[in-house]
Amino acid sequence: MSIKDKPQAPRSRQIANILFLLAGLFFLANLLLPNLFSPQIPRVPYSLFIEQVEDGQVSRAYVGQEQIRYQLKGEDDQPGQVLATNPIFDLELPKKLENKGVEFAAAPPPKKSWFSSLLGWVIPPLIFVAIWQFFIGRGMGGGPQGALSISKSKAKVYVEDESTKTTFANVAGVEEAKTELVEIVEFLKSPQRYTNIGARIPKGVLLVGPPGTGKTLLAKAVAGEAGVPFFSISGSEFVELFVGAGAARVRDLFEQAKKKAPCIIFIDELDAIGKSRASGGFVGGNDEREQTLNQLLTEMDGFAAGDATVIVLAATNRPESLDSALLRPGRFDRQVLVDRPDLSGRLAILEIYAQKVKLGSDVDLKAIATRTPGFAGADLANLVNEAALLAARNRQETVSQADFAEAIERVVAGLEKKSRVLSDKEKKIVAYHEVGHALVGALMPGGSDVAKISIVPRGMAALGYTLQLPTEDRFLLNEDELRGQIATLLGGRSAEEVVFGSITTGASNDLQRATDLAEQMVTTYGMSKVLGPLAYEKGQQNNFLGNSMAMNPRRMVSDETAKAIDDEVKGIVETAHQQALDILKQNRDLLEKIAQQILETEVIEGEELQQLLNQVQSVVA
Ligand code: ADP
């Protein structure tokens, strides 16, 4: 369905071919003509020549470096025969000739034919022209990129036919974005309706959102719905080693697009070229990007009303880092948020991709959607595929709910690593550690359930894991829930302390996350009574000109405040730690029971786990 724009054989190339042919003809002529027009002189061996001289048969001789031409004495007033021989190094020759009274002279240097002189001038430039044409031709013809093709845009052109085209039906879970873009489709379909009344058609739409949420897909769908060609290029492809190449590419891209108008240009990763010029910070080195950006701005300003309808859609996940010149009216003045889908969105996306695989009767897409908050469209598409791969690997006819559960786990926790062998002692520590997380997690608020405990190593670093799956989408968390999360994170280490009285290195990642959370509570969410509702973390800031400035992670604070922040963070973590210790001490028997069980089975989940966790007792204060 995608075709690459193939230019016709360039005119300059045809000219080069003709020049080449002419050069060949000249060359041949030069080889043949002198021989055609000059009569052949018979050649004789040098010895015969000397003999003839000695015999006094030679009347005159022209001695040259490459040949000696001589004439025999004629009879009866007839001129004698002319002969030639190749000279050898013979110092005696002049003497011999003189003795025999031969009239002799040095031969004039061989006359260069005008052809060869001409060719000396004509051929070398022709060779250069031919090589140049060769490279240009390769660069344009879509073959391997030639060295001189850097100024050509690498945009891919998609002209989709009816059967394969992407439409809004292929995109789900981003309803607001779709509503915005329907209007763009209208602009592309009937621009006159808007221009007649004097309205200006927007030139640029910025799709803002995290990776994999379907920005490219949406842009394709707009093109598909409007039935117009679609040029796709990534911002990073503009940036080249050579200063000026990016700008030339932008120019070329817009030229191509205008020829195919109405059409859509889609620039992925706009931030690669559109980063705020003020935030650069470094001196030099940004010239190339800046020139490319300027060219893009010029091109967008260039197509005026009534001109061909070219709409530029661009995607970025960091709109705040874009240069404000890009965002002002007349350029990317519309911003469409393409966010991660919510529950119903995820369900809709799963439904799209589930159509492509054979589902078992037990599959509950709603349950899968519930368990995958934070998954973007691309993750969900990948999830369905993973599940189908698992089913195929197990030689099943259809994909079952269990395949989906395993696929979610793979995405969340990484691949199982059965090859990582733990010693019995280590296994025991991992078991108590994970059960510690589970017991604390089961008591803490926060809207997620402990769904599985496993001591099968997974992913890069996890030796075991406790899977907590949310029961609902959460957009706000309160202070208690955050404290609960910190306590759950510390549950593993606390269990090691309670059971073994010592601690291992296994908890470092938990501690990192717990400390980060505590710090955010204090510096970002203003949840500390001591420090009050102030943001100590610096967000993105704009200076008085509206340009965003380089960020400084923490506001300038006095030494006392810095110390107070440290104390508060430490306080939160320590309180949570104590909470976890208390819970585990209270439930020491249960901790023992579950840990022993998991050492045998390696995994506990489902109903069995719920029954065990229901026995957890909260600490009576
Ligand atoms: P982005 O450009 O935002 O990084 P893409 O559009 O390239 O994301 O998405 C990658 C793939 O993920 C798409 O080709 C599509 O298969 C799938 N996908 C992402 N979001 C959605 C969605 N909202 N609906 C359907 N499929 C989606």
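No lab work stands behind these numbers, since they all come straight from the coordinates. None of these values were measured; they are calculated from a predicted model. Counting neighbours? That spans all protein chains shown, and the Cβs are built from the backbone with ideal geometry, glycine included.
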| request: Order by neighbour count: Thr524, Thr309, fewest other Cβ atoms within 10 Å first, most last. | output: Thr524, Thr309
| message | Students often forget the sequence filter, so: which aspartates and glutamates lie under 17 Å Cα-Cα from Lys165 once same-chain residues fewer than 8 apart are removed? | response | Glu225
| task | Enumerate the amide H contacts of Phe104 below 5 Å, restricted to partners 5 or more residues apart or on another chain; note that Pro and chain-start residues carry no placed amide H. | result | Ala61
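How large is the charge dipole for the stretch 424-613, taken about the Cα centre, if only the Cβ atoms of Lys, Arg (+1) and Asp, Glu (-1) carry charge, to the nearest 20 debye? Intermediate values should be presented prior to the final figure.
Numbers: 18 positive and 29 negative charges, 90 e Å.
It comes to approximately 440 debye.
Exposure proxy check: Ser324, Ser232, Ser494 ranked by fewest other beta carbons within 10 Å? Working shown, then result.
Details: Ser324 14, Ser232 20, Ser494 28.
Least to most surrounded, the residues fall as Ser324, Ser232, Ser494.
For the ranges 353-364, 208-219, what's the packing order if you count other beta-carbon atoms within 10 Å of each residue, average per peptide, and put the highest first? Walk me through the numbers before you get to the answer.
Numbers: 353-364: 13.9, 208-219: 21.9.
Answer by packing, highest mean first, reads 208-219, 353-364.
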| note | Looking only at aspartates and glutamates whose Cα falls under 12 Å of Lys215's and that sit 8 or more positions away or on another chain, we get Asp268, Glu269, Asp339
| query | What is the distance, in nm, between label points placed 7 Å from the Cα along the Cα-to-Cβ direction at Lys570 and at Asn509? | reply | 2.8
| query | Based on the alpha-carbon gyration tensor of the stretch 206-261 and its eigenvalue square roots a ≥ b ≥ c, which shape applies: rounded if a/c is under 1.5, prolate if not and a/b is larger than b/c, or oblate? | reply | oblate
| said: Report, in listed order, any pair from Lys189/Lys275; Lys570/Lys593; Lys178/Lys356; Lys425/Lys452; Lys427/Lys570; Lys275/Lys529 with a Cα-Cα distance greater than 29 Å. | reply: Lys189/Lys275; Lys570/Lys593; Lys427/Lys570; Lys275/Lys529
| said: Give the aspartates and glutamates whose C-alpha is closer than 14 Å to that of Lys563, dropping any in the same chain fewer than 8 places away, or say none. | reply: Glu519
| remark: Quick note on Asp323, Asp379, Asp90, ordering by fewest other C-beta atoms within 10 Å, gives Asp90, Asp379, Asp323
